[in-house]
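Read through the structure below, which is laid out as structure tokens, and then see the notes.
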Amino acid sequence: MPQDAFTIKYVCEELKRALVGGKISKIIQPEREELTFIIYTAKGNVKLDACLSARAARLSLGETDKPAPVTAPNFCMLLRKHLQNAEILDVFQPDFERIICFDLKCVSDFSCSVMRLHFEIMGKYSNAVLTENGVIVGALKTNSIGENVKRLILGGAKYLPPEPQEKTAPDDLKAVEELLKGGGDIAKLICNGIKGISYATAEEMAEFYGKNISAENVYEYIFKLPPSPCITYFDGEPCDFKVRSILSEKKNFDGILEAQCEYYSYLYEKSSFQAAKSKLEGALNSALKKAEKRLAEINRRLFECNGAEEVKLKGELITANIYALERGMKVFSAVNYYDPEMREIKIELEETLTPSQNAQKYYKKYAKLKRTFESVSVQKTETERKLDYLKSICSNLSSAENKTDLAETEEELIALELYRPRELKKKQKSVPPPFRVYICDGFKILAGRNNIQNERLTKGLAADDLWLHTQKYHSSHVAVITEGRIVPDGVIKTAAEICAYYSDGRSGSKIPVDYTQKKFVKKPPKSNAGFVVYTNYRTTLAQPLPHAELLKDENK
């Protein structure tokens, strides 16, 4: 994301071609540091997004839609007051700085004026400042005189541009030539010494021209070479967008705005997916901890019940030796006639009770322990079943790769009352998210994304379709649609590898996967979503592999 003056130069040029002559019809502030302008142009409505956050400051066209807040913030109201229906006269970059200025003709019933909206794209110092005749009308981020700042951003103050960096201008060829004589890391030298060039851009420049780069080369790269916008990739994932790049793993675009838009849309989808996934994981982990804590308490109580038979024995020994006992005794020893070696056992007595009452006390304690054991054993079974079900949801979440994978898992957690979204969604009929669909040697392989999908997938299979699940691991339900054909071993192997990949054992090497026909798969009554039992199965060892090359595009 080299949002340096070099990249902003090309962004500004494209914005100028797209927006000059257009009129601002709508202004929204969806986030605290984001502004959206709907601009009517000769080619139709265009959406300009201005993100002024520290991590992703930029101006771009037509990115992901975000909902508008119920109440507009103060700066948004100020912009609406002055810029509603304003005509864009010019878009320019002043003095090769990380600033894009919009000159706007503002006409009202009583006045006509020209205002300037400055977008300062400077990392954590990014800001949007509206001025008229060089005086600040308002700003997204303001400061005050009391803050002892060098540059006052406040309504009524004179607008001063950010202090220039003590660097060489890229069009000063003599100064650049002297700078390049310094030797060492060329990219670092260019980045630290030449105005408006980030290290990422300097690296590309150094790779493009080599070690013998000259001042003329620097000037040519910045001002003369035609742009070749692209997104660069690393390990198959977008890692940056650039005006031009010599890297081979990249995707080219017609304009820098298009490349920037796709790159940040990818980042937005990725970050929103991670945020949604983290919320669900937090709710699920909380439920898992409660279930594990409850199971530990149940096991503790069951451990206490292990001595029930000894308690019963003591009651019987007191009854058998009642003739030898008297009130007031604290302890006595009796021969354990159940012990083959006839060893003695010490029995504690309560001195205020009669021997008969002491015997009854032990019998009552035994009866209580027995009832507790029976009750708690049922609780243990239910808690273990619930814990196993929660772990299956956890497995689904860990293998989730996009928002589609999360949709029904969220519904599942809401139904279990484990998760409550901040905004309750309106209940409406919607098409269920699709299964993961693979095509292998003419056979269709389906894989569920979560417990609800697993159940729907299994329920919809024909009796002779092949059904797969990992052995002793939570996993997606996988199916091979046979259509009456015999499934080749290669297709079974591929389906097993997909099943192993979407399981708890995906970090292993050889995962046992069971497979059988659907007619041998049954769902017990009142069991949790996705839970089945199966018979007549065979087992194969599979290497966890995603087989993305077989995945149909619409399901990626």
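Does the stretch 116-126 include one or more residues that are open to solvent by 50 Å² or more (accessible area, probe 1.4 Å), touching a Cys at 6+ places or on another chain (Cβ under 7 Å) and under 26 Å from N45 (Cβ atoms)? Yes - at least one qualifying residue is present in the stretch 116-126.
For the stretch 318-332, filtering for residues that are aromatic (F, W, Y) and either under 60 Å from the mean Cα position of the chain (by Cα) or surrounded by 10 or more Cβ atoms within 10 Å (Cβ to Cβ) (or both) leaves 1.
Scanning the stretch 452-462 for residues that are open to solvent by 10 Å² or more (accessible area, probe 1.4 Å) and more than 13 Å from Y534 (Cβ to Cβ) yields I452, E455, R456, K459, G460, A462. Residues that are touching a Cys at 6+ places or on another chain (Cβ under 6 Å) and part of a helix (DSSP H, G or I) within the stretch 487-529 comprise V491, T494, listed in sequence order.
Results for (1) under 30 Å from T381 (Cα atoms); (2) of a type in the set (A, V, I, L, M, F, W, C); (3) in a helix (DSSP H, G or I); (4) open to solvent by 80 Å² or more (accessible area, probe 1.4 Å), shown as yes or no for each residue.
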{"position": "S248", "(1), (2), (3), (4)": "no, no, no, yes"}
{"position": "D254", "(1), (2), (3), (4)": "no, no, no, yes"}
{"position": "Q260", "(1), (2), (3), (4)": "no, no, yes, no"}
{"position": "S265", "(1), (2), (3), (4)": "no, no, yes, no"}
{"position": "S272", "(1), (2), (3), (4)": "no, no, yes, no"}
{"position": "K277", "(1), (2), (3), (4)": "yes, no, yes, no"}
{"position": "L280", "(1), (2), (3), (4)": "yes, yes, yes, no"}
{"position": "N285", "(1), (2), (3), (4)": "yes, no, yes, no"}
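Restricting attention to the stretch 480-494, the residues being acidic (D, E) and either in contact with a Phe, Trp or Tyr (Cβ under 7 Å, 6 or more places away or on another chain) or under 17 Å from T540 (Cα atoms) (or both) number 1.
A single entry from E412, E384, E423 fulfils the requirement of being at pLDDT below 85 and within 26 Å of E455 (Cβ to Cβ): E412. Give me a count of the residues in the stretch 88-115 that are part of a strand (DSSP E or B) and open to solvent by less than 60 Å² (accessible area, probe 1.4 Å). Here the count works out to 13.
Based on this model, can you work out whether T131 counts as in contact (Cβ under 8 Å) with a residue 12 or more places away in the chain and touching a Lys or Arg at 6+ places or on another chain (Cβ under 6 Å)? Taking the combined requirement at face value, the residue satisfies it. Going through (1) at pLDDT below 90; (2) touching a Ser or Thr at 6+ places or on another chain (Cβ under 6 Å) one by one, K270 falls short only on (2). Of all residues in the stretch 462-472, those that are free of Cβ contacts under 8 Å to residues at least 60 places away in the same chain and assigned to a loop (DSSP other than H, G, I, E, B) total 5. On the stretch given as the stretch 368-387, residues that are touching a residue at least 12 places away in the same chain (Cβ under 8 Å) and either of a type in the set (D, E) or on the phi > 0 side of the Ramachandran plot (or both) total 1.
The values are calculated or read from the model by the stated rules, or taken from the named source; none is laboratory data. Keep in mind the model is a prediction, meaning the values are calculated, not measured. Here Cβ is always computed from backbone atoms with ideal geometry, including for glycine, and neighbour counts include all displayed protein chains. Ligands, DNA and RNA are excluded from the accessible area calculation, which covers all protein heavy atoms including side chains. Shrake-Rupley method; radii C 1.70, N 1.55, O 1.52, S 1.80 Å.
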